[in-house]
Amino acid sequence: MPDAEPGETKRAAFLAFDGADAAETGWRSALPSAIQSLGPGTRPFEVMRRTVVGTYNDGFIHAGNLAYLSMLAIFPFFILGAAVFELIGGRDKAAEMIGAIMMSMPPTVTRVIEPVAMNVVEAREGWLLWLGAGIALWTVSSLIETIRDILRRAYGTKPSRAFWKYRLLSAGLILAAVVLLMVSLFAQVAIGAAQQIIDASLPQLTELMGTLRISRIVPALGLGLSLYLLFYTLTPSDYRARRYPKWPGAAFTAVWWLGVTTALPVILRQFFAYDLTYGSLAGIMVALFFFWLVGLGLVIGANLNAALAEPEEASDISQENAG
């Protein structure tokens, strides 16, 4: 068979290259539009990049600070809650308050904190309880101010009010959290009473009983609502408008919190032996590690909200320049 002419060889090579280029173009066009919309330069990519960079720069430091302050403030918070319950004549509900908060923590952390919290609450009565509540309000407000500073750094803003005004706002937020917790506890009591009545008088309504058991997720919903109110209240005033979303950060933090609560016991049991390293302090270290992880999730949520607000701010500036 005779060899092909040079011109025919070049033409065949060109057609082969053109066919390969067309195939590549077709392959690229066949990519899902959702994948193409996540590349560099797109808004989802920039939001993710901004969130990761902000968390990397400040997240680990703030998470450690939050872990320390959480461990420092949790017992004063219980004292404050006991004082508020005594004010309405329900001091016996303080133990239920502690139990409700412990539900949001891993069993390892609960075993460390719950007995001490019970002793701390029961050891104070009368004026000693109210003195402890006053000190507790100041201590817990330090934790709130740390979260405010995290959000301020995420959005790149500076304080706009006096120190004592921020402290008063933090104190009001803490008291609101105690009231929300009280409402959650009373809702649980009402649900439990309804279950007992239905079980005793109308046992055939098992489906309704199942619905009421599902209603036990009220504490989890309370956690999500509390985080949303926390983000909304502590977000810098310039970014508190409706066009700057607050719910993504709160939702991420709530899911992160519940995920850590579920996964941490399994991880500690399978991969770590804290007892060999910390001995009798192992429980305290696990509690600090839990609070550190929760704090990291809160920092990620704050930077996520700030990243979502950034394109909106850039759009506003460009519209002002165009005008």
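The values are calculated or read from the model by the stated rules, or taken from the named source; none is laboratory data. Keep in mind that what you see is a predicted model, and the values were worked out from it rather than measured. Heads up, the Cβs are rebuilt from the backbone with ideal geometry, glycines too, and the neighbour counts pull from every protein chain shown.
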Inside region 76-115, the number of residues satisfying the requirement of being among the β-branched types (Val, Ile, Thr), closer than 14 Å to Leu129 by Cα and either under 22 Å from the mean Cα position of the chain (by Cα) or modelled with pLDDT of 80 or more (or both) is 1
In region 121-133, the residues that are free of Cβ contacts under 8 Å to residues at least 12 places away in the same chain and either touching a Leu at 6+ places or on another chain (Cβ under 8 Å) or surrounded by 13 or more Cβ atoms within 10 Å (Cβ to Cβ) (or both):
Leu131
Identify the residue in region 137-195 that is closer than 16 Å to Ser237 by Cα and of a type in the set (Ser, Thr, Tyr) and, among all such residues, is modelled with the highest pLDDT.
Tyr155
What are the residue pairs meeting all of these: first residue in region 232-246, first residue touching a residue at least 24 places away in the same chain (Cβ under 8 Å), second residue surrounded by fewer than 18 Cβ atoms within 10 Å (Cβ to Cβ) and of a type in the set (A, V, I, L, M), Cβ atoms under 9 Å, and 6 or more apart or on different chains?
Thr233/Leu169; Thr233/Ala176; Leu234/Leu169
Let me spell it out: the conditions are (1) at negative phi; (2) within 21 Å of the chain's Cα centre (by Cα), and Gly156 meets all of them except one. Which number is the exception?
(1)
Suppose the filter is surrounded by 13 or more Cβ atoms within 10 Å (Cβ to Cβ) and under 21 Å from Ala282 (Cβ atoms); does Arg111 pass it?
yes
Given (1) in contact with a helix residue (DSSP H, G or I) (Cβ under 9 Å, 6 or more places away or on another chain); (2) at pLDDT 75 or above; (3) within 30 Å of Tyr166 (Cα to Cα), number of the condition Glu313 does not satisfy:
(2)
Looking across region 40-89 at residues that are among the small types (Gly, Ala, Ser) and in contact (Cβ under 8 Å) with a residue 60 or more places away in the chain, the single one that is surrounded by the fewest Cβ atoms within 10 Å (Cβ to Cβ) is Gly64
Of the residues in region 108-164, those that are closer than 19 Å to Leu298 by Cβ, of a type in the set (Ser, Thr, Tyr) and assigned to a helix (DSSP H, G or I) come to Thr139, Ser141, Ser142, Thr146, Tyr155
Every residue from region 252-261 that is over 12 Å from Phe290 (Cβ atoms) and of a type in the set (Val, Ile, Thr)
Thr253, Val255
